[in-house]
Amino acid sequence: MPDRSARSARDTMILLLSRLTPDRVKSITPDRGSGFALYREFSAAAGTVPLYFADPHAPWQCGANENTSGRIRKCLPKGSDMGPASDKQIDSIIALLNLRAQKCLA
């Protein structure tokens, strides 16, 4: 994104969503930052894809977002151009995220 403005976030989200087939996007969960102030506009562009926000003052709901973002950054460092990523590369990243062993509190 060229900057952290709500316009840039909106335009980037719309661009990224336009490049994906509907079966590739199950939901969108942005943070509550000002960059997503225009969420209604990219939500409209997303069509039937549900958009979720964590509840205010509920940081435990954001942990999964931050953890997942960190895992994705291991495969695609910040600033990486995801445009040339093939479906096979994206599928391997999804598999890595979904099949990775998780710690369990028992």
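When both residues are 6+ apart or on different chains and their Cβ atoms are under 6 Å apart, which pairs have a first residue that lies in the range 19-47 and is among the polar types (S, T, N, Q), and a second that is not in a loop (DSSP other than H, G, I, E, B)?
Thr29/Asn65; Ser43/Leu51
Specify the residue that is most open to solvent (accessible area, probe 1.4 Å); the eligible residues are those in the range 53-81 that are aliphatic (A, V, I, L, M) and in contact (Cβ under 8 Å) with a residue 12 or more places away in the chain.
Ile72
Do you know which residues across the range 21-49 are farther than 27 Å from Trp60 by Cα and exposed (fewer than 13 other Cβ atoms within 10 Å of the Cβ)?
Answer for the range 21-49, where residues must be farther than 27 Å from Trp60 by Cα and exposed (fewer than 13 other Cβ atoms within 10 Å of the Cβ): Thr21, Pro22, Asp23, Ala44, Gly47.
Could you please give the count of residues in the range 23-48 that are modelled with pLDDT under 85, closer than 20 Å to Ala6 by Cα and of a type in the set (A, V, I, L, M)?
Looking only at that region, the number is 4.
The values are calculated or read from the model by the stated rules, or taken from the named source; none is laboratory data. Model, not experiment: these values are computed from the prediction. No Cβ is skipped: glycine too gets one built from the backbone with ideal geometry, and neighbour counts run over all protein chains shown. These area figures cover heavy atoms from the full protein model, side chains too; ligands, DNA and RNA do not enter into them. Shrake-Rupley method; radii C 1.70, N 1.55, O 1.52, S 1.80 Å.
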